Amino acid sequence: MKEQIINYFEREKQVMGALDFDEITEAVEAIREAYEREATVYVMGNGGSSATASHFVCDFNKGISEVREKKFNLICLSDNTPMLTAIANDISYDEVFRFQLINKLKSNDLIIAISGSGNSTNVINAVEYAKEVGCKVVGITGYSGGKLKELADYKMHVNVDDMQITEDIHMVFDHMMYRVLSKELKGDDK
């Protein structure tokens, strides 16, 4: 068992070492710019990515914002179970995110779309709607990145065919942004 544990972490370190830090920096800057213009940032994902999206909201809206007069405004589209199940039951699961954005999303807002495969239909539908509105998209992906990587304006891509390592690193992105943006925005406190 110990050898398997070591192998898991060795692979994770290898994948992290191969990340595109220029692309990641551009994505983090896009999130900072959304904060500066007081945009709403909509976050979404399915399964483990849904949990990561919720964690983003907690870390940004409470964590980073706690000591700031100006707050982040993140909304997780997968947090409202009654809304999700009503849309899924009455319309389609493929529409659970897009439907929530209709007539609310503004071109000034930002989307953070999380999909391990990059091909989750409900995420892609919401991203395509966002692009129609003129809204920029941060795509957080794994595997080859799928359609989400192609559509995203900013990319945080984990190039590995392994959902657990992909999801691990997606959470690392959240905590890295917490740390970096907390430090970068330190002068914002008035």
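Residues in segment 140-164, backbone N under 15 Å from the label point at Tyr8 (7 Å along the Cα-to-beta-carbon vector): list them, ranges by number please.
The answer is 162-164, whose backbone nitrogens lie closer than 15 Å to the label point.
Past 26 Å, Cα to Cα, is the threshold; run Lys62/Lys106; Lys106/Lys155; Lys62/Lys104; Lys70/Lys147; Lys62/Lys131; Lys71/Lys106 against it and keep the listed order.
Going by Cα-Cα distance, Lys70/Lys147; Lys62/Lys131 fall outside the 26 Å limit.
Taking just the alpha carbons, could you work out the radius of gyration and Dmax for segment 36-104, both in angstroms?
Both quantities, over Cα of segment 36-104: 13.3, 42 Å.
Let me have the relative contact order for segment 2-187, percent, based on Cα pairs under 8 Å that are six or more residues apart.
Computed value for segment 2-187: 22 percent relative contact order.
Dipole of segment 2-187, Cα-centred, from +1 at each Lys and Arg C-beta and -1 at each Asp and Glu C-beta, to the nearest 20 debye?
It comes to approximately 480 debye.
Taking only C-alpha pairs under 8 Å that are 6+ residues apart, what is the relative contact order of segment 117-190 in percent?
Relative contact order of segment 117-190: 24 percent.
Give the peptides 40-49, 4-13, 123-132 in descending order of average Cβ contacts within 10 Å, highest first.
40-49, 123-132, 4-13
Taking Cα Rg over 2.2 N^0.38 Å as the quantity of interest, determine which of (i) 1.12; (ii) 1.02; (iii) 1.40 was computed from the displayed structure.
Label of the calculated value: (ii).
What residues qualify as long-range amide H neighbours of Cys76, i.e. H under 5 Å apart, gap of 5 or more or another chain, H built at 1.01 Å from N?
For Cys76, the qualifying residues are Val43.
List every residue whose amide H lies under 5 Å from the amide H of Lys136, counting only residues 5 or more places away in sequence or on a different chain, with H placed 1.01 Å from N in the peptide plane.
Distant-sequence amide H within range of Lys136: Ile111.
Each value in this text was obtained by applying a stated rule to the coordinates, not by laboratory testing. Here the structure is a predicted model, which is why all the values come from computation and not from measurement. In this analysis, Cβ positions are derived from the backbone assuming ideal geometry, glycine residues included, and neighbour counts consider all displayed protein chains.
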